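The values are calculated or read from the model by the stated rules, or taken from the named source; none is laboratory data. Everything quoted here is computed from the prediction, not taken from an experiment. Positions of Cβ are backbone-derived with ideal geometry, glycine not excepted, and every protein chain shown enters the neighbour counts.
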Amino acid sequence: MVDVIGAAELLGHQNHAEVLAARLSHAQRLGNMGWAEWHLHTGETIWSDQVYLIFGRDPADGPISLPDLAEHAEQADVATFNRLLWAAVEGVEPVQAEFRIRRGGELRDLRVVLEPLMGATGPVGLHGVIQDITGRRRAERMMSESRRQLLEAREQAAVERHVMLALRDAILPESAGCLDLPHSTVAVRYVPAEKTANLGGDWFEAAPAPDGRLLLAIGDVSGHGLPAIAHMAQLRHALVGLAMTGQPAHRLLAWLNDLAMHQLKETTATAIIGHLDPETRVFAWGQAGNLAPILVRDGVARQLPQPRGVLLGAASHRPYELATTRLLPGDLLLMFTDGLVERRTRDIDVGLDLVLAAARDAPARDLDAALDHLLADIGGPNPEDDACLLAVSIPAAVPGAIAGAVPGRDERGTPEVRP
């Protein structure tokens, strides 16, 4: 009976040892680590199974002795490995280091912790824990490279934004402040997109024409970045030259369309071009796929009826119509590109309603401040697109009388449209 009990206890201890060994082996696999012992006096070397896997070595070939282990280290890391061994043999505390080995032509990163096995007269061997940390170091290198690339991209984006804004500043006139004329005040804003990559081809022009009228224009070239800015410069400079002919706005649009069709391949653009007569206050304008201007009169903001006109560069031999609107004392006229009203997060009609509401409350007597308030009321700059805003206000009291009536026009400024 006693023999049976003893056998059962022995079997229980064996089962417990097997369970512990299995758990230890599983933990080593999960941590990709193993243990090794090197006995200095006998030369005996013992490796756990996981160390063979780490080194890619067949267990039938046996473990690698301590003197031969340095041969398996990457040449650049041999000195590090030798310092580790020297510190482990000479000291009494555990030491650790990282070095690389080649396994099947691939570099592997190892972390090794060595602890001296002490005897009566000093160290008699070394006990080591070896862990393959290749995956961790690879991930760290990838993250470091990603951070470096992100930093470079940010720096490059900052440079590109500076270049593009400098180029725009060189092409466009000053986009802040007011132009005070005898019978009207003009203010403009160029609002760049918050994202560098979305800086585009929005432009404006406000300048006296040779015949005394005031040339007012805005436009938006499709695309973003330097190509869009370059095409914008071509269209705007072409308009400045063509406007010297004194031709009406719809004729200028037709010429710009020819330019876009033949010189700016695969490029389209929107535009509004108009002339304001300072004596009669008649605004004669045409449009090419752009949202119609907003007229604010007596506290009411509305869009003007839109004359016919297609995108520049979209089709040839399509007529552009000319609309005329007589502005009254106290009126405020707003011309803008679609970046002012469009947002990815809302419908364009919602944005247009916001602009109409903000324009209604804009003080025409202080046009510069009015544009700042309007931009703030609609939510500030568009992150996705740049925008141009051009405003004209007519003083509430204009010296002198306006001689004669304007054909096709009543005093309320109902537009006349003609091809």
Is there a residue being β-branched (Val, Ile, Thr) and without any contact (Cβ under 8 Å) to a residue 60 or more places away in the chain anywhere in region 325-346? yes
Could you please let me know if residue 392 is part of a strand (DSSP E or B), at pLDDT below 90, closer than 23 Å to residue 214 by Cβ and aliphatic (A, V, I, L, M)? no
From the option list 295, 264, 259, single residue qualifying as touching a residue at least 12 places away in the same chain (Cβ under 8 Å) and surrounded by fewer than 19 Cβ atoms within 10 Å (Cβ to Cβ) is 259
Looking only at region 45-75, which residues are part of a loop (DSSP other than H, G, I, E, B) and under 14 Å from residue 128 (Cα atoms)? 48, 63, 64, 65
Got at least one residue in region 300-311 being over 29 Å from residue 231 (Cα atoms), buried (at least 22 other Cβ atoms within 10 Å of the Cβ) and in contact with a Lys or Arg (Cβ under 8 Å, 6 or more places away or on another chain)? no
In region 112-134, the residues that are of a type outside the set (A, V, I, L, M, F, W, C) and within 18 Å of residue 86 (Cβ to Cβ): 115, 116, 122, 123, 125, 127, 128
Which numbered condition in (1) in contact with a His (Cβ under 7 Å, 6 or more places away or on another chain); (2) crowded, with 21+ Cβ neighbours inside 10 Å; (3) within 24 Å of residue 242 (Cα to Cα) is the only one that residue 278 fails? (2)
Is region 71-94 home to any residue that is in contact with a Leu (Cβ under 6 Å, 6 or more places away or on another chain), of a type in the set (A, V, I, L, M, F, W, C) and within 18 Å of residue 137 (Cβ to Cβ)? no
Under the condition of being among the acidic types (Asp, Glu) and assigned to a helix (DSSP H, G or I), which residue from region 76-96 is surrounded by the fewest Cβ atoms within 10 Å (Cβ to Cβ)? 90
